[in-house]
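Read-outs: derived from the displayed coordinates by stated rules, not from any lab. Here the structure is a predicted model, which is why all the values come from computation and not from measurement. Here Cβ is always computed from backbone atoms with ideal geometry, including for glycine, and neighbour counts include all displayed protein chains.
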Amino acid sequence: MSITGHRLRLMALLLAGALSTALAGCAADISTPAAPSAGASSPLSGEITVFAAASLKTTFTQLAQDFEAKNPGTKVNLSFAGSSDLVTQISQGAPADVFASADTKNMTKLADAQLVEGTAVNFATNILEIAVPPGNPASISSFADLAKPGVKVVTCASQVPCGAATEAVEKASGTTLSPVSEESSVTDVLGKVTSQEADAGLVYVTDIKGAGSKVKGIPFPESDKAVNTYPIAAVGTSKKKELAAAFIAMVTGDDGRKILADAGFGTP
Amino acid sequence: MKRIGSSYHGIPSWVFVIAGVGGLLVVLPLVAMLAKVNWPQFIPLITSESSLAALGLSLRTSAASTVLCIVLGVPLALVLARGEFPGQRLLRAFVLLPLVLPPVVGGIALLYTFGRQGLLGKPLEAAGIQIAFSTTAVVLAQTFVALPFLVVSLEGALRSAGNKYEAVAATLGARPTTVLRRVTLPLVLPGLASGAVLSFARSLGEFGATLTFAGSLEGVTRTLPLEIYLQRETDADAAVALSLVLVAVAVAVVGLSYGNRQRNKPVEVQP
């Protein structure tokens with residue numbers, strides 16, 4: 001008898017839990033309706049999903065907020081990851097309306113899969129910079145210094161864009177690095193420098209700006225041998241072509257330029 | 001499985017349906033991956049220089065961390081199963097923590113322990129020992145995540161074996177170390193073996209803590225999971241082929257440990 005009672009009570013608890021979750025779900029749905037469109041002043045409305053390279057996190061978050069503020073009734077969902085991950089996701093049917101890549105190679109991959117609407121537009125450039133911990137313990141002042149014996153330098157692996165750029169700079173400058181680690185993302189390189197495990201790391205100018213006082217940036221002239229270009233395009237399968245085009249126009253327009261420039265990006 | 005005339009199993013048929021869905025959830029993704037394997041290129045893909053370096057490193061580091069797990073885990077399991085002291089439950093909870101902790105959290109914790117600026121790393125660095133970016137770091141990360149598997153398996157075996165034989169040995173005049181060596185360990189050897197196999201498998205699959213703590217360099221710290229993660233960027237075929245190698249090893253390891261346990265069963269019931 002007591003077992004049945006226990007069971008019943010457990011069932012009741014579970015049911016109550018399930019119900020409250022369901023109700024919470026409803027409440028959430030009701031509380032976030034699409035904001036009423038302001039009529040003639042804003043013809044745009046609805047939601048779009050923007051897939052953007054991880055290095056665009058700060059700038060695109062800002063741009064999406066500005067876009068929503070300028071176009072009441074719109075909502076921009078953002079998803080950030082490595083460019084090649086995003087291409088894989090879109091190819092597998094992820095619902096993206098806009099794709100902003102950290103390199104032209106991944107945009108080409110998406111175009112080859114017939115998933116780019118029209119042609120991609122280049123909207124920013126990024127170059128490498130040396131990141132060192134605040135005290136610069138290994139006294140790095142040039143790219144050649146990174147090859148000094150005993151200097152623990154961390155780079156990206158050649159398979160990822162920042163690693164390809166590192167390789168191009170090495171080739172152009174005739175300096176061969178022997179990194180202690182070749183990471184698969186620029187964030188991991190930066191992490192090794194901010195945690196002071198590494199004496200230096202090769203990351204993008206924008207990463208150093210974004211990291212604030214946790215790292216010190218050392219620009220080097222050879223960095224212009226490997227300029228990364230960021231293209232943006234609407235995704236072919238998008239059902240919100242108009243909204244996607246408006247967002248792209250904002251990124252490539254004056255507002256976008258300013259936000260991107262403030263974060264350290266160059267103009268293509 | 002179902003034999004006519006076998007005893008009543010008491011499982012409603014709808015339970016089998018849901019169980020089937022549960023099974024599919026695990027099996028289906030593996031089948032999907034199998035379908036993606038580029039078979040004509042399979043052997044070249046898994047025998048490329050970087051793949052072999054990663055596989056070799058994975059096997060070596062996993063073997064090393066399994067040994068470390070046995071060295072540290074057997075005493076831990078003994079203390080937890082047989083000892084009686086304050087804080088025992090707390091110790092068990094902490095030892096089991098890596099089972100449920102996201103590996104990346106383990107990696108961060110290890111970084112602040114053995115990293116250059118870490119709790120132990122700083123004095124070690126002063127003594128000329130550097131752990132970050134070395135194969136040692138990989139082994140440490142793997143041991144950290146794999147140790148609970150050995151401790152849990154062995155503690156379970158120790159508890160179900162009971163301590164009657166040990167008590168008898170002691171009354172016959174055997175000293176504690178002799179009892180441990182001649183009675184306890186032989187008794188729980190199957191449990192120890194399956195625990196070691198599980199630790200090996202967990203070490204082989206270690207990714208998050210290694211990536212955070214040890215870095216990624218071919219032949220030094222780039223184990224098979226890290227190689228798969230990197231290959232995925234450019235060569236999906238290679239990533240899938242290498243994933244299949246890891247799946248095959250995992251299946252073999254789990255099969256081995258399960259077989260062990262089945263054989264182990266009657267032994268557990270006897271005393």
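Values for this structure:
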| read-out | value |
| --- | --- |
| Helical contribution to [θ] at 222 nm, DSSP H n ≥ 4, -39,500 (n - 2.57), averaged over the protein assembly as shown, rounded to 500 | -19000 deg cm²/dmol |
| Mean Kyte hydropathy of 0.0 or more with a Cα span along the axis of at least 27 Å, helices from DSSP in chain B | B:13-36, B:49-82, B:135-161, B:236-269 |
| For the range B:141-271, projected area of the alpha-carbon convex hull averaged over all directions, nm² | 9.7 nm² |
| Built amide H within the under 5 Å cut-off of A:Glu183, gap 5+ | A:Thr155, A:Cys156, A:Ala157 |
| Pair B:Arg175, B:Leu59: separation of 7 Å Cα→Cβ label points (nm) | 4.1 nm |
| Within 10 Å of each Cβ in B:233-245, the average number of Cβ atoms from other chains | 2 |
| Cα-based Kirkwood hydrodynamic radius, chain B, one decimal, Å | 21.2 Å |
| Rh by Kirkwood over Cα pairs, then Stokes-Einstein D for the protein assembly as shown at 1.567 mPa s and 4 °C, µm²/s | 47 µm²/s |
| Approximate spin-label separation B:Ala250-B:Met33, in nm, with each point projected 7 Å along Cα-to-Cβ | 0.5 nm |
| FRET efficiency estimate (nearest 0.05) - Cβ-Cβ, A:Thr58 to A:Asp224, R0 22 angstrom | 0.40 |
| For the range B:41-269: relative contact order, % (alpha-carbon pairs under 8 angstrom, 6 or more apart) | 31 percent |
| Under Karplus coefficients 6.51, -1.76 and 1.60, residue-wise ³J(HN,Hα) of the range A:133-141 in Hz, glycine/proline x | x, x, x, 6, x, 9, 6, 7, 9 |
| Value in Å of the Kirkwood radius, where the range A:128-225 supplies the Cα pairs that are averaged | 12.8 Å |
| J(HN,Hα) series, the range A:72-89, from Karplus relation 6.51 cos²θ - 1.76 cosθ + 1.60, nearest Hz, glycine and proline x | x, x, 10, 9, 10, 8, 10, 9, 10, 6, x, 4, 6, 4, 5, 4, 4, 4 |
| Span from the the range B:13-42 Cα centroid across to the the range B:45-94 one, whole angstrom | 29 Å |
| 10 Å Cβ neighbours from other chains, averaged over peptide B:102-113 | 1 |
| Shielding of A:177-184 by partner chains, average beta-carbon count, 10 Å | 6 |
| Sorted by Cβ density within 10 Å, fewest first, the residues A:Ile140, A:Ile218 | A:Ile218, A:Ile140 |
| Sorted by Cβ density within 10 Å, fewest first, the residues B:Arg89, B:Arg182 | B:Arg89, B:Arg182 |
| Principal axes of the range B:108-200: Cα extent on each, largest first, Å | 52, 27, 18 |
| Residues whose placed amide H lies under 5 Å from that of A:Val235, excluding near-sequence neighbours | A:Val98, A:Phe99, A:Glu117 |
| Additional length obtainable on full extension of the chain from A:Asn136 to A:Lys209, 0.36 nm per residue less Cα span | 24.6 nm |
| Within straight-line cross-link reach of A:Lys109, aspartates and glutamates at Cα separation under 20 Å, skipping those fewer than 8 residues along the same chain | A:Asp85, A:Asp97, A:Glu117, B:Glu233, B:Asp235, B:Asp237 |
| Candidates B:Ser62, B:Ser194, B:Ser48: whichever shows maximal mean-square fluctuation once chain B is modelled as a Gaussian network with Cα springs under 10 Å | B:Ser48 |
| Cross-link table A:Lys57/A:Lys209; A:Lys105/A:Lys225; A:Lys57/A:Lys241, entries beyond 20 Å C-alpha to C-alpha | A:Lys57/A:Lys241 |
| Order of A:Phe80, B:Phe94, A:Phe265 under a 10 Å beta carbon neighbour criterion, fewest first | B:Phe94, A:Phe80, A:Phe265 |
| Distant-in-sequence amide H partners of A:Glu47 (H built 1.01 Å from N, under 5 Å) | A:Lys75 |
| Viscosity 1.567 mPa s, temperature 4 °C, Stokes-Einstein D of the range B:53-150 from Kirkwood C-alpha radius, µm²/s | 88 µm²/s |
